[in-house]
Each structure stands twice: as structure tokens, then as C-alpha cells.
1. Under 5 Å between amide H atoms, partner at least 5 residues away or on a different chain: which partners does B:PHE339 have, H built in plane at 1.01 Å?
2. In whole Å, what are the Cα extents of region B:349-492 along the three principal axes, biggest one first?
3. Under 8 Å for C-alpha pairs, at least 6 residues apart: give me the relative contact order for region A:2-110, rounded to a whole percent.
4. Report the Stokes-Einstein translational diffusion coefficient (µm² s⁻¹, integer) for region A:74-224, Rh taken as the Kirkwood radius over Cα pairs, at 10 °C with viscosity 1.306 mPa s.
5. Hey, what number do you get for the protein assembly as shown at 222 nm if only DSSP H runs of n ≥ 4 count, each worth -39500 (n - 2.57), divided across all residues, to the nearest 500?
6. Along the Cα→Cβ direction, 7 angstrom out, place labels at B:ASP106 and B:ALA515. What is the inter-label distance in nm?
7. Using 0.36 nm times the number of residues separating B:LYS301 and B:SER504, minus their current alpha carbon distance, what extension gain do you get?
8. ³J(HN,Hα) across region B:401-416 via Karplus (A = 6.51, B = -1.76, C = 1.60, θ = phi - 60°), whole Hz, x for Gly/Pro?
Amino acid sequence: MEPELRDYVGELLDSGTVAGVLALKDELGAVKPYLFTKNNEIGDLVLTSKYPLASVMSMLQKEDPSIKLAIVCRGCDERALIELAKRNQINLDNIVFVGIPCDEEMADKCNCLQPYPKEIVTGEKLSNWVPKNNYEDFKNMSTEEKLIFWKGQLEKCNKCYGCRNACPLCFCSDCELENALWVKHGRLPPEFPIYHVIRAFHLAGKCVGCGECENACPVGIPLMTLNHLLREDIKDLFGYMTGQDIEDENPINTKEEY
Amino acid sequence: MKVGVYICHCGVNIANMVDIPKVVEAISGQTNVAVCKEYQYMCSDPGQNMIRKDIEDMGLDRVVVAACSPRMHEPTFRATVADAGMNPYCFEMANIREQCSWVHEDKEEATQKAIDLVKSSVARASLLEPLQSTEIPVTHSALVIGGGIAGIQAALDIANSGFKTYLVEKEPSIGGRMAQFDKTFPTLDCAACILTPKMVDVARHPNIDLLTYSEVEHIDGSIGNFHVQIKKKPRYVDPDLCTGCGLCAEACRLKGRISSEFDMGIGKRGAIYVPFPQAVPLLYTIDPENCLLLKHGKCGKSPKCEDICDPGAIRFDQEEEHIDIDVGAIVVATGYNEFSPVVKEEYGYGKFKNVMTGLELERIFSPSGPTGGNPIINGTEPKNIVFISCVGSRDKRIGNPYCSRVCCMYIAKQAHLLKEKIPDANITVMYTDMRAFGKGYEEFYERVQKEGIRYRRGNAAEVYEEDDLLFVRAEDTLLGEPYELPADLVVLGTGLVPSPDADSIGQMLHLSRSADKFFLEAHPKLRPVDTVIDGVFLAGAAQGPKDIPDSVAQASGAASHVVNLLVKEKIHAEPIIAEINEDACVGCKTCIVLCPYEAPLYDDEKKVVTINRAVCKGCGSCAAACPSGSIKMNHFKNEQIVAQILEVI
Ligand SMILES: Cc1cc2nc3c(=O)[nH]c(=O)nc-3n(C[C@H](O)[C@H](O)[C@H](O)COP(=O)(O)OP(=O)(O)OC[C@H]3O[C@@H](n4cnc5c(N)ncnc54)[C@H](O)[C@@H]3O)c2cc1C
Ligand code: SF4
Ligand code: SF4
Ligand code: SF4
Ligand code: SF4
Ligand code: SF4
């Protein structure tokens, strides 16, 4: 997959279609986000890991709103870009999507619902893919058990803000998680459950299920359980799935016309 | 910080269920509380004086009154504390009547709840910040939308008070529905005789700028300063040259070929026309949908109207005009439309030509109407006439549960007029209930019954045709028996629905609608001419089905509210509005989507949102949704609300 992708991306640069390509670069084993601007660097472009590239794209655009860039994106990256665009954080007109599907190993690791973008440049999307974990164990718990479960899990939180920092949809410059009115400063673990409830509520209708928060969490809190249930609710209540189409109206941010 | 707390007995309203001395005891000595007193009626003069005196003597800087709902007396006490030199926004009210004494039965528990509520108000009051209202200059002119009897009356009243008034009417003439009637219930006044003089007054009034054949395209701004864009449609006739002689209409090649809207499609007109002889302004208008020249580029060798018009008033090159005006207040008087009975298939409207609606029949009575006022329906004089009431009203099945209020009476009027013109006619009114609520209405109904019009209770089930004869099947609910009547004319007592323009006008002005889809007044009893949008008022059938007297009365009411506003040089803008912390805003536009009033504006340069202070109503929708917490609601800051909550949990 990588060689074809490198050809494709090289062509985008050579033809002047874009000024740069945002992707991952392998620098002596360190895989990091990188803006490729020259064809001769393309050899270092890799697909071996995953990174919240949408946030990086948003930052690049904020620095230079007119610049046209391509992004090598997985399903979750594409969904994040679309949700960001709905919130005026990114301009899709200046982005060329270079979509790639995730392989089974990656999709399994993320327990991803949709491990591919809308359009794929190279590679095969997994057919008939269904994630293995459907959170039945959690759903089967009684309310009391759920409370005990979350109390236990959230007591581990060391308020590192890693979940928020990694999240592509947490784009606020002033974050309510740092507002002492809600989350007392200098207290560990944060008061149950406000910290995580604020984040969950703020991500309702926004979370694209990329799993970056859970990946980032140093103490292994199963944040994706919360996110998964939230996404299910948004779908059941409003028929809304995040990141599908820029035209779909986000149900949380609409008002009823009477 | 010195908080004064005053507990009201409200006579026995509160004191019966709340142990007031106990509340005073619990509150005295609380943090920041400088004094806590009780009194029979805090809103009375002595009660208010007590507060004023304490502010002056003790230097209180916060005041809490525990009494009734703030909707009731918050304005009273704000004025009281302001009188004594305290900032009115440092006043806080605890509701221990509606939310406590009135809804509880256990005195001990009610007392404890009252204590909690007062403590919670003290906590909030301690965090209140003084706010200053801003002054907004007022543009001394008004816009009236809709030139029916309501709009006409409102415009005349405002103009007579000395203010410039723009009256916008979408049709070629003002007059509205009333101009279509010959006689009006219950007095049988000639409609034209009482309406035409008013229409002429409008046209001649030095303070009225009449914009007919015009539509409101866009409105922004707010109370005191609305900016309005109006589209003036081309008439293709020069208003300064047209003398209203009507030779053009006589000459038009399409004369008598186009169905006349004013005559409800029964009468015919040409492509150049005036809707009716008393039209104001008396200016001819070319209908571009039908005019041969405008539609096909060719009208014989040359357009006949142009040939015959001596003053040369025909102007095929006339273009749409856009006019910008500034006004301080707006009256919405867009009136109603007749319910379209096509959906009531059982009555055969549109299928049988002798089934007609109330408004259609009005045109038959008019001396200038399609039959010259003679009761001729499709060529013959009807002898067996049936009226069916409540068509499209009080009908849950079609979604119109409301009563249209005028149908019972216009049916009585029309039955009377038919009986007068055709004395040997058999006239039956099939009615649901008789509603003759107005002055002189019951008397008129009695008179009509005495004239030999039969009223049978129970609504019609079906109209059907057999051997070219119509029959109406109904059930007499008083006798409890079904019956059928032959009919050569069936008149449907069609109800009233809002003007279709209510949608666009409502959106432009952010007006709310009630369940019946008419415009919603600010309060059903106490503010029937106001809307929730300051500076926008309602008149006539736009607000709900109404007869002419009520439309005129409401119009005068709306006009007086407009004048109350326009006489002021400046108005005070409420400081309880949203404020944005531009440093924290990430420009996600969530607030823009949610604000019902278009108050948040996106600043393209700074990539953040700012709030239009004059437009924001302080509803708080934006602040609740802003993810980054960048919006602060004055007077309802998070800290203030949290402090209040913490005291009761
Ligand atoms: C069949 C029938 C008979 C009736 N007989 C009587 C009677 O005998 N006595 C009585 O008291 N009442 C009678 N009524 C009731 C009477 O018609 C109303 O009370 C009256 O017409 C209400 O006046 P209005 O000005 O509110 O509305 P309307 O008369 O509907 O006038 C509204 C005006 O606004 C204009 N307009 C609408 N939208 C716009 C827009 N967007 N921009 C600009 N202009 C716009 C319309 O063109 C119209 O000129 C009768 C009603 C019916 C249906
Ligand atoms: S999965 Fe986590 S990181 Fe990804 S969008 Fe949802 S909340 Fe943000
Ligand atoms: S948690 Fe909420 S406030 Fe904080 S960055 Fe995420 S969306 Fe913004
Ligand atoms: S990443 Fe984990 S530990 Fe860090 S704040 Fe989030 S939940 Fe808490
Ligand atoms: S919702 Fe908040 S962050 Fe978003 S644009 Fe409005 S003020 Fe700014
Ligand atoms: S408080 Fe209400 S009216 Fe004011 S800007 Fe926010 S949403 Fe709009």
C-alpha cells in the first residue's frame, strides 16, 4: 500500500495541486506527524501507526488560512475533519483528502465501527466489518454495578488532561475542565464524576470514535466505553452519526423552528 | 457587603403556611446579612419605605425580598432600591409564595423550604454585580405591514400623533378583506361607505408614506432602530401620469379573460386593471403573468393600453425598486386568508360549481362585483340555499381546533342578504353551535331567525349530486335524526387561517406563533398587542380570527403602544444580556446557530463572535451551549447560579 500511496502523494506535490501533504514520517523509528513539501522526502512517509492528524491540520490552517494541503487520512481522521468543519475549525475547500483504509489489526485494536474513509486512494477496505466488542458486558450490569464500575475507574484519573489534549474534537482554547467552578484545582482524583461528565457531554454529537483519548490515558480508564454508549445514544435519539457528511445537521446544535 | 433581607407575609398567602418569625430568625446573622425584617405587604408603600430607609440608614448594597414571583414584583422592588440610590441589579427576589406556601401543605416543611430559598437568594445576591443599562436613541417613525382595516387604522392613529408612518401593502390597493364586502354585520353598514373614507385619509395623510404593490424583503435592527428593505414591484404604469380613467382596461386585448383575485375568481378582468373601483391608490396595474407584451413580447401590432392612454402613463420598462427605511417600531397587520375547503372533500368544493365559500358569496353581493350585486349563481337565482358552518374551524381532524369567530355572524349576514334579495328562497343554516358573542350580535341572530331563516343544529355530513341537483346530508342533533335537503346553492362557512406571508414576516421579525399558527401575543390577557420582540406589535386578524370592531380596537391599541415608544428620545436597553470573552472564543459558531434572535455575529477578521447588544434578549441559550464557556450571562453568571444551587442541596 505504501509505495502506491507515495506515488500518489508525490504526484500531488509535483503537479502543484497542494503545497504540502500532512502525513506520518518515520524518523529513525520515531513516527511523527510531518508536512511533506518535497517529493524527495516522500520515502519516509509511513502508515505504520495512527495519530490525530485532524488537529494538526486545523492548526496549520489557522496559521495560513489560504494554504492548500493534502492529508493522508484514515476513517477517523476524515470524520474528525468533517466534524471540525461543522464547527468552523477547518476549511474543507482547502483540503485534499488522501483516504486510506485501516487493516484488520488496526481496526481491531481500535474496535472501530468504520475503519475506512468515504473515498479510498489505495488499499482495500475491510468488507463486512463488525467490531468485536459491543460493550454487552457493561450494558448487562445493573445501575448500581455501573456506578461502582465508574467510581472505581474514574478514581484512577490523575487529571493529566491527556484525553482532552489528544482528542481532535477538543479544540477550545479555554477549556471548561480547567474552570475551578466545575473542577476544583489541586484535587486528585477529580471530584466524581464531573470532569468526565463534562467531557462526555461536550463530545456528544462530536466524538468520532478515534480512540485517541483512551490511547492517551496513562492509567487505562476505558473511556471508549463511555464514548461508544454516547455515540449509540446520539444515533438512536437523533439518527445522527458523526463525520458522515458535512451537510448532516448536528442535532445538538440545532433549534426547532416553530 | 451588606445584605438587607425582607420577608413578606403577603397577607395570609405566605404567613398561613410559612412560619415567618422562624425564617427571620434563621436568616438573621447569616454571612453578609446586615438586617432581616418581616412585613405584612412588602409591596405596599410602608413596605417599600422600610427598604428605602434601611438602604439610606445602614448603607445596604444588596437587597433580597422573599415574597411572590419576580414576574410580579421584581420591577417594583428594583425601582424601590434604585430610588434609594442602590443599583437595581443588586436586588434579588426569593419566591416563597408560588414556589412554596401555595404548593405545600405541611407548615414545618414549607418553613424549612422557605429558609433554604431565602438563604439561596442571599448567596446569589452576595455575588450580584451592579449593571448599567445603556441608552438607545429612537427613530421617530413606524412601519405598518398590511393595509387591511387593521393596518389602515394603526397607520392613521400613529400618523395622527405626528409620526411618519410607512404603510406597506402587497396588493395594488389597500382595503384588505373588508373592501370585498358589501355589508357588514351586525349593523349592515355599507362596508365601502365606512372603509373608503379611511382609505382616502391614508392616501392624503401628510405623515403616511403609502407603499402599495410592495413587499418587505428584509428587516434587521431592534426596538427603536429597525432597518427595513422594501421591494416595490413594477406596475408598468407611471403613478404620476395615470389619472385612473380606466380607458386602458377597456382597451386591453385580454379584457374579461383573466380571473380576478379580488372577485375570488368569479369575476374577470384584463391584464391591466384596478382590483375595484374605489381602490386606493386609484392606479392601474399591469399583471406581468398575463400581459401579452410582457409575457410574449408582443401584443398585436402595438399594445392597446399604450395606444389609448393619453397622458402616456404606460411604462413597460418600469423596474422593481428597492427602498430602505429606518423605523423605531413595527406593526404587523397581515390579516388572514380563507380556509381552503378543498381538503374537506365531503363538501364537494371544486367539484360542484354551486358549492361556494363565504368570501366568494361576499363578492356576489357587491354592486361592483361580478353579478352587479344580483344574487345570480352560475346564471340562475338560487331558491334552496344551505349554509354549512365551521368549515375548517373547530376541526381537530384537519388540525384547526380553534373557532374562527366571525363565521356564525357572516353566515347570519349572508342569509339575511339573500332572503332580502330572494324573498321566496328556502334558507337553512346547518350549525355546530351558535356563537353570537359581540355587541348587537345575539340581537342580529334573533332578527335573522325571525326573517324565516331556518337554523338546524348539527353539522353537514356530505354534499352530493343526483340528476343535476345537489343534496346536503346532515344530522339534526337536537331532534336526533338524519335528514337531507336539496340545494341549488351550498355556502361553506369557511374559517380563517393566517396569511401565507405570516411565515416570511414571522421569520424576519423572529415572532412566535401560537398553536393555531397565528402570531403569538406577549401575554394572552395583559399584553394582547405586544409581541416578545420589543418594538413589534400586532393588529387585527394576523394575531387571531377577529371581526372588524375587534381588529380596529386592537389596531388602535397597537398604535398607542407605538406612539408610547416613539415619543421617547431614548430608551433603556436591558443590561441582562450575553457577553463574550473574545480571548476564549474559538469561533465554533454554536451560539450563532442557537440564538433565536440573530444576536451573535461572526467577526471575520478576529475569527470570533461578538454580541449585538441591542438585539440580545438575554435568553441564555448561547451561554449554555458554548463549549469553551466563553459566554457570560450578565446577572446569571455561573458563579451566581452555582452559589444559589449550593444553598439548597
Ligand atoms: C366571508 C367573511 C365575511 C366577513 N364579514 C364581516 C362582517 O360583516 N363584519 C365584520 O366585522 N367582520 C367580517 N369579517 C371579518 C373581517 O374580514 C376581518 O375582521 C377583517 O378583514 C380583519 O382585518 P385585517 O386588517 O386584520 O386583515 P385583512 O383584511 O386580511 O387585511 C390584511 C392586509 O394585509 C395585506 N398583507 C398580507 N400580507 C402582507 C405582506 N407580507 N406585506 C404587505 N401586505 C400584506 C393583505 O393583502 C391585506 O390587504 C368577515 C370575514 C369573512 C371571511
Ligand atoms: S474517541 Fe476520544 S479522542 Fe476520539 S473523538 Fe471521541 S472523545 Fe475525542
Ligand atoms: S472538554 Fe469541552 S471545553 Fe474542554 S476542550 Fe473539550 S470541548 Fe472544549
Ligand atoms: S487521560 Fe486519563 S488520567 Fe488523564 S485526565 Fe483523561 S481520564 Fe484522567
Ligand atoms: S459558542 Fe462560544 S466558542 Fe463558539 S463561537 Fe460562540 S462564543 Fe465562540
Ligand atoms: S443570550 Fe439569547 S439572545 Fe442573547 S445572544 Fe445568547 S442566545 Fe442570543
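The values are calculated or read from the model by the stated rules, or taken from the named source; none is laboratory data. What you see is a predicted model, and the numbers here were worked out from it, not measured in a lab. Cβ coordinates were reconstructed from backbone atoms using ideal geometry, including for glycine residues, and neighbour counts include every protein chain displayed. Accessible surface areas use protein heavy atoms only, side chains included; no ligands, DNA or RNA. Shrake-Rupley method; radii C 1.70, N 1.55, O 1.52, S 1.80 Å.
1. Long-range HN contacts for B:PHE339: B:GLY495, B:LEU496, B:VAL497.
2. The principal-axis extents, from largest down, are 40, 35, 29 Å.
3. Values: 143 pairs, mean separation 25.7, N = 109.
Computed over region A:2-110, the figure is 24 percent.
4. Numbers: Rh = 17.2 Å.
Stokes-Einstein gives a translational diffusion coefficient of 92 µm²/s.
5. Details: 27 runs with 274 residues, N = 907.
My calculation for the protein assembly as shown gives -9000 deg cm²/dmol from helical runs alone.
6. Each label point is offset 7 Å from its Cα along the Cβ direction, giving 3.6 nm.
7. Values: separation 203, 0.36 × 203 = 73.08 nm, distance 4.17 nm.
Extra length from B:LYS301 to B:SER504 when fully extended: 68.9 nm.
8. Taking θ as phi minus 60°, the curve returns x, 7, 8, 7, 6, 10, 5, 3, 7, 6, 5, 4, 4, 5, 5, 4 Hz for region B:401-416.
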